[in-house]
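Enquirer: Dropping the structure in here first, questions after.
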Amino acid sequence: MKRIGMGLIGAGFVGPHHIDAVRRLGYVDVVAIAASSETSARAKADALGVPKGYGTYEALLEDDDVDVVHNATPNYLHYKVNAAVIARGKHIVSDKPLATTSAEAKSLLDQARAAGVVHAVTFNYRGNPLVQQARHMIARGDIGRPHFVHGFYLQDWLLKNTDYSWRLEPDKGGPSSALGDVGSHWCDLAQHVSGLRITEVLADLTTVIPTRKKPARAREAFQTGSGQERLEEVEMTLEDLASVIVRFDNGAKGAFSVGQVCAGHKNDLQLEVCGATGSLGWRQERQNELWIGRRDGASHVLVKDPALLDDDVRRYAQLPGGHQEGWADAFCNVMRDIYDVIAGDARSAARPPAFATFEDGYRATCIVDAILSSAAQGGVWTKVAD
Ligand SMILES: NC(=O)c1ccc[n+]([C@@H]2O[C@H](COP(=O)([O-])OP(=O)(O)OC[C@H]3O[C@@H](n4cnc5c(N)ncnc54)[C@H](O)[C@@H]3O)[C@@H](O)[C@H]2O)c1
């Protein structure tokens, strides 16, 4: 099999997971890392066993050994970096959100289509075997017509006023914080699993922590302060908590909340779809279980076991029953689908891959835009752009 060269831009929290995931595929060489300086690029490349480290992303894009670029930089760089990758004719795997506005996301979608490159957004929860099982069961009609899709995505890593991230700054994270960061995941997953589209939203946004102590030196995601840093008091303008009521294109209703200030919730994404004859519920922190709710029979929990999954879903389970799959396994599953298409694997033509494209990434930015618009008007029903 022809080997494929991968280059990573941005090796903070999530970047190294992109590297781990593609290394597991067996035919991808991690060729280079680009970081924000030569020194940090060299240090990160050495630490991750990557041959080349570049101090700018432009230098990485000039490397002919790089066929596919993964963009794991902070959100404000997504448009610029993704556009530069596409202009060089390389395949692009962008971390979410695709861009900070839907206008930029649409432009990236158009550019990627015109260039004919493979384009993907890492909405990685799609890669969980039981998420795919739920999606197949709903598509097959196992729970009848969905009429209610609800859930939440809650975390607690920004609960204290000493917690800080570039995600809280509009010029780095974009015009939303929790919504763009984790809300985009929930919306994508809700649509992917239910097979429905969110068409209208009504939102209530809150800033629970009105001022925060910003460290003089930037922290990577989930890093805690040393206690010795110089701190500056800054006012927060973006939401750290949000609740949204939604309407779907089949008439189904829904509701979800997102927040990064909810103690005890570490990476707690929950999605439930209620249909005419049953319900399905999946929770990221218990990702090896799928709850199947019934009215006229016993509700039960399907515990992940490849032998019990649908034929088309089994490839997303990498381990036998009783061996817990995790976040990194699902991330790798998404990469496998993406690289199957890049490699022109005939199997990927036979079974449509489940990864999110720039079209899905654009769709998620449209929903966040509509939520922000709804909240700005004081909470009114707002249509999501098509
Ligand atoms: N798919 C997921 O589940 C998931 C999880 C976490 C983060 N993300 C997304 O990934 C992106 C990165 O998030 P993170 O949590 O890793 O952030 P982070 O702050 O931990 O890491 C970002 C890295 O990018 C580097 N960087 C900044 N400017 C750069 C430049 N010009 N060139 C190269 N590198 C540069 C920073 O030095 C840092 O190392 C965000 O867009 C975020 O939304 C996705």
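The values are calculated or read from the model by the stated rules, or taken from the named source; none is laboratory data. These numbers were taken from a predicted model, which means no experiment stands behind them. All Cβ positions, even for glycine, are placed from backbone atoms using ideal geometry, and neighbour counts span all protein chains on display.
Enquirer: Would you confirm, using the coordinates I've provided, whether LEU280 is within 16 Å of the ligand (Cβ to nearest atom) and crowded, with 17+ Cβ neighbours inside 10 Å?
Expert: Considered against the rule, which asks whether it is within 16 Å of the ligand (Cβ to nearest atom) and crowded, with 17+ Cβ neighbours inside 10 Å, LEU280 comes out as no.
Enquirer: Within region 138-158, which residues are charged (D, E, K, R) and either within 16 Å of the ligand (Cβ to nearest atom) or at pLDDT below 95 (or both)? It would help to see each step written out before you state the result.
Expert: The first filter runs over region 138-158 and keeps only residues charged (D, E, K, R), leaving 140, 142, 145, 156.
Across region 138-158, the qualifying residue is only ASP156.
Enquirer: Looking at this structure, is GLY174 within 26 Å of VAL384 (Cα to Cα), at pLDDT 95 or above, surrounded by fewer than 19 Cβ atoms within 10 Å (Cβ to Cβ) and small (Gly, Ala, Ser)?
Expert: The answer is no for GLY174.
Enquirer: While we're looking at this one, here's another question. Right, GLY180: surrounded by 15 or more Cβ atoms within 10 Å (Cβ to Cβ), within 13 Å of the ligand (Cβ to nearest atom), in contact (Cβ under 8 Å) with a residue 60 or more places away in the chain and at positive phi or not? Write out each step before concluding.
Expert: Working: surrounded by 15 or more Cβ atoms within 10 Å (Cβ to Cβ): yes; within 13 Å of the ligand (Cβ to nearest atom): yes; in contact (Cβ under 8 Å) with a residue 60 or more places away in the chain: yes; at positive phi: no.
No: the conditions fail for GLY180.
Enquirer: Could you please find all residues in region 11-70 being among the aromatic types (Phe, Trp, Tyr) and either within 23 Å of TRP327 (Cα to Cα) or in contact with a His (Cβ under 7 Å, 6 or more places away or on another chain) (or both)?
Expert: Hits for region 11-70 are PHE13, TYR27.
For every residue, the table says whether it meets (1) part of a helix (DSSP H, G or I); (2) in contact with a Lys or Arg (Cβ under 6 Å, 6 or more places away or on another chain); (3) modelled with pLDDT of 95 or more; (4) away from the ligand (no atom under 14 Å from the Cβ).
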position: TYR76; (1), (2), (3), (4): yes, yes, yes, no
position: ALA84; (1), (2), (3), (4): yes, no, yes, no
position: THR100; (1), (2), (3), (4): no, no, yes, no
position: VAL117; (1), (2), (3), (4): no, no, yes, yes
position: VAL131; (1), (2), (3), (4): yes, no, yes, no
position: HIS136; (1), (2), (3), (4): yes, no, yes, yes
position: LYS160; (1), (2), (3), (4): no, no, yes, yes
position: ARG167; (1), (2), (3), (4): yes, no, yes, no
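Enquirer: Let me ask you something else. Residues in region 253-261: is at least one assigned to a loop (DSSP other than H, G, I, E, B) and surrounded by 14 or more Cβ atoms within 10 Å (Cβ to Cβ)?
Expert: yes
Enquirer: Something else: Counting just the residues of region 27-48 that are more than 24 Å from PRO97 (Cα to Cα), away from the ligand (no atom under 14 Å from the Cβ) and not hydroxyl-bearing (Ser, Thr, Tyr), which one comes out surrounded by the fewest Cβ atoms within 10 Å (Cβ to Cβ)?
Expert: ASP46
Enquirer: Shifting gears a bit: Starting from residues that are in contact (Cβ under 8 Å) with a residue 60 or more places away in the chain and not aliphatic (A, V, I, L, M), keep the ones in region 234-246 and report whichever is surrounded by the fewest Cβ atoms within 10 Å (Cβ to Cβ).
Expert: THR237
Enquirer: Taking ILE9 as meeting all but one of (1) touching a strand residue (DSSP E or B) at 6+ places or on another chain (Cβ under 6 Å); (2) away from the ligand (no atom under 14 Å from the Cβ), write down the number of the exception.
Expert: (2)
Enquirer: Would you check which residues across region 216-233 are assigned to a loop (DSSP other than H, G, I, E, B), loosely packed, with under 10 Cβ neighbours inside 10 Å and not hydrophobic (A, V, I, L, M, F, W, C) and list them?
Expert: ARG217, SER226, GLY227, GLN228, ARG230
Enquirer: Something else about it: Any idea which of GLY326, GLY293, GLY321, GLY344 is within 15 Å of the ligand (Cβ to nearest atom) and either free of Cβ contacts under 8 Å to residues at least 60 places away in the same chain or under 21 Å from LYS90 (Cα atoms) (or both)?
Expert: After applying the criteria, what remains is GLY326.
Enquirer: So which residues in region 273-330 are among the small types (Gly, Ala, Ser), assigned to a loop (DSSP other than H, G, I, E, B) and farther than 20 Å from ARG351 by Cα, if there are any at all?
Expert: Residues of region 273-330 that are among the small types (Gly, Ala, Ser), as a first pass: 275-276, 278-279, 281, 293, 297-299, 307, 317, 321-322, 326, 328, 330.
From what's left, assigned to a loop (DSSP other than H, G, I, E, B): 276, 278, 297-299, 317, 321-322, 326.
Correct list: ALA276, GLY278, GLY297, ALA298, SER299, GLY321, GLY322, GLY326.
Enquirer: I've got another one for you. Testing VAL66 on (1) outside any loop (DSSP other than H, G, I, E, B); (2) more than 16 Å from VAL14 (Cβ to Cβ); (3) more than 10 Å from the ligand (Cβ to nearest atom); (4) of a type in the set (A, V, I, L, M), one condition comes back false. Which one is that?
Expert: Checking VAL66 against (1) outside any loop (DSSP other than H, G, I, E, B); (2) more than 16 Å from VAL14 (Cβ to Cβ); (3) more than 10 Å from the ligand (Cβ to nearest atom); (4) of a type in the set (A, V, I, L, M), the one that fails is (1).
Enquirer: Another question, if that's okay. Based on what the data block shows, is PRO51 within 22 Å of ASN333 (Cα to Cα) and either more than 8 Å from the ligand (Cβ to nearest atom) or among the hydroxyl-bearing types (Ser, Thr, Tyr) (or both)?
Expert: In short, no.
Enquirer: Moving on. Which residue pairs have Cβ atoms closer than 7 Å, lie 6 or more positions apart in sequence or on different chains, and pair a first residue in region 2-26 that is on the phi > 0 side of the Ramachandran plot and among the β-branched types (Val, Ile, Thr) with a second residue that is modelled with pLDDT of 95 or more and within 11 Å of the ligand (Cβ to nearest atom)?
Expert: Once the first residue is on the phi > 0 side of the Ramachandran plot and among the β-branched types (Val, Ile, Thr) and sits in region 2-26, no partner that is modelled with pLDDT of 95 or more and within 11 Å of the ligand (Cβ to nearest atom) comes close enough.
Enquirer: Looking at region 49-60 only, could you name the residues that are crowded, with 18+ Cβ neighbours inside 10 Å and not in a loop (DSSP other than H, G, I, E, B)? Steps first, please.
Expert: The initial filter retains those residues of region 49-60 that are crowded, with 18+ Cβ neighbours inside 10 Å, namely 50, 52-54, 57, 60.
Scanning region 49-60 gives LYS52, GLY53, TYR54, TYR57, LEU60.
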